[in-house]
1. Taking GluC sites (Glu not before Pro) that fall in a DSSP loop and have at most 12 other Cβ atoms within 10 Å as cut points, what is the longest piece of the chain between them?
2. For the chain, give the magnitude of the charge dipole about the Cα centre (Cβ charges: +1 Lys/Arg, -1 Asp/Glu; no others), in debye to the nearest 20.
3. Give me the Kirkwood hydrodynamic radius of the range 1-137 in Å, from all C-alpha pairs, to one decimal place?
4. At 1.4 Å probe size, with every protein chain present, just tell me what the per residue accessible area of the range 1-147 comes to in Å².
5. With runs of 4+ DSSP H residues as the only contributors, calculate the mean residue ellipticity of the chain at 222 nm using -39,500 (n - 2.57) per run, divided by the residue total and rounded to the nearest 500.
6. Determine the distance separating the Cα centre of the range 143-216 from the Cα centre of the range 30-44; give it in Å without decimals.
7. Accessible area per residue of the range 152-198 at 1.4 Å probe, in Å²?
8. Taking the Cα centre of the range 132-199 as origin, sum charge times position over the Cβ atoms of Lys and Arg (+1) and Asp and Glu (-1), and report the length of that vector in debye to the nearest 20.
Amino acid sequence: PSTLSKLSRNAFEYTDVVYAGPHASCTIASGATMHLDAHGGLYRKHEEGNELMYLMDADATSYVVEKKTRSIGPFAFAHLPLLEEVELPQGLESIGDGAFRSCTRLRRVSIPESLRSIGEEAFYDTAIEEIYLPTAFESLGERALVCAGARRENETPSLQQVRVNPNCARFFLTGGLLCERVGGDDVRVVLYDGTHESVRVPLEVNEICAYAFANA
C-alpha cells in the first residue's frame, strides 16, 4: 500500500515473490515514499534526492542505479552472491556503511565525480579491482577497501588500481601508498596498492591503517 514506510530485503525470503523483470510479483502503490524500479531496486524519496535502500533481486549480476539518486543506503547491496558490476550516477554523494559488503563476485563499481564519502566496510570482502577518489571526496570509512584477497592467507588482494584526482584535498597517492590527511599535519596510510616493490612511508605519517599492507 501507499502507506508503506519500510520494507526489509528479506521480508519475503524463501518465498516465490519476484522483484524484477516481466514476472515481478511485488509492487508498491503510487503515492508511497518508496518505489521499486523494474530491476528490483528499492528507493526512498527525499526532497534533496532519492536513496537506494536495497537491491531486492538476489539474482542480479549487474545493476544501474537510477539518476537523481543522492545516496546508497547501508548494506544496500550486501551479500548478493552473483553481483559483478554496479554503475553509479553523477550526482551521487555517499555510499553507506557495508553497502557492498561480502559481494564476493563484485569487481567493478563506477565512481562519479560527485562522490564525497564511502562508509565503513563498504567494499569489505568484495573482489573490487579499481577504486577512484574524486576531487570533492572527503571521507573513507574504516576497512572500506579491505577486499577478500587482503584477509585470506596466501591470496592476492583484488584491488590493484587506486586513482585519486590530483585536486582532492584530503587524499593523495605517493609511491604506491594511498594516504589521507586527517587534520593538522597528521597523515595516515590507508592502503598499499601493490604497484611498487619498494615503498617509502612519508615522514609525516603517524598511522598505518588495519590491513593496509595485507598479503603484500
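The values are calculated or read from the model by the stated rules, or taken from the named source; none is laboratory data. Every value quoted in this text rests on a predicted model; they were computed, and no experiment measured them. Backbone-built Cβ (ideal geometry, glycine too); neighbour counts: all protein chains shown. All accessible areas refer to the heavy atoms of the entire protein, side chains included, with ligands and DNA or RNA removed. Shrake-Rupley method; radii C 1.70, N 1.55, O 1.52, S 1.80 Å.
1. Longest stretch, sites excluded: 49-152.
2. Its charge dipole is roughly 240 debye.
3. On the way: mean 1/r = 0.0661 Å⁻¹.
Hydrodynamic radius (Kirkwood, Cα pairs) of the range 1-137 is 15.1 Å.
4. Numbers: 7150 Å² over 147 residues.
I get 49 Å² per residue for this part.
5. Numbers: 1 runs with 4 residues, N = 216.
Result for the chain, helices only: -500 deg cm²/dmol.
6. 37 Å
7. Details: 2700 Å² over 47 residues.
So the range 152-198 comes to 57 Å² accessible per residue, rounded to a whole number.
8. On the way: 7 positive and 9 negative charges, 31 e Å.
Roughly 160 debye for the range 132-199.
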